[in-house]
Amino acid sequence: MNKNIDYTALGKRIKEKRIENGLTQEQLGELCELSAAHIGHIERGTRILSVDVLFRISQVLDTSIDYLVFDSVGNENMLSEIASTIKNTDKNKVSTFLNTVRVLADNIDEL
């Protein structure tokens, strides 16, 4: 397995989450004990993050490290996101949704 971290994509996801959380670079920097300039470099992909900095950023942005690094959402996050999306939806529609997911899961190899 020979994969490299795409720091530009990582920075883009951090920026998207920062904006989604309504934070400026300065605010994120303060919460993570980093300068706004450092956050800017991270978001542009011109700075390599330490594990500690990546952890602090993920905690402040309330997101998983794997989402930031691998552009994927772990099953736990994905399931909670689905649950919150369908929380106030009509029970018949939720049932239809779940049946559709089951059919897709059963036939995933043919997709």
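Using the structure shown, decide if N92 is exposed (fewer than 10 other Cβ atoms within 10 Å of the Cβ), modelled with pLDDT of 85 or more and in a helix (DSSP H, G or I).
yes
Residues checked against (1) more than 21 Å from G11 (Cβ to Cβ); (2) at pLDDT 90 or above:
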{"site": "L49", "(1), (2)": "no, yes"}
{"site": "D52", "(1), (2)": "no, yes"}
{"site": "Q59", "(1), (2)": "no, yes"}
{"site": "D62", "(1), (2)": "no, yes"}
{"site": "G74", "(1), (2)": "no, no"}
{"site": "I82", "(1), (2)": "yes, no"}
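State yes or no: is A36 in contact with a Gly (Cβ under 7 Å, 6 or more places away or on another chain), surrounded by fewer than 18 Cβ atoms within 10 Å (Cβ to Cβ) and aliphatic (A, V, I, L, M)?
yes
Out of the range 1-57, which residues are assigned to a helix (DSSP H, G or I) and touching a residue at least 60 places away in the same chain (Cβ under 8 Å)?
Listed by number, the list holds a single entry, A9.
So for the range 37-57 (the condition being under 19 Å from the mean Cα position of the chain (by Cα) and of a type in the set (D, E)), does at least one residue qualify?
Yes.
The values are calculated or read from the model by the stated rules, or taken from the named source; none is laboratory data. Since the structure is predicted, the reported quantities are computational estimates derived from the model, not experimental observations. Backbone-built Cβ (ideal geometry, glycine too); neighbour counts: all protein chains shown.
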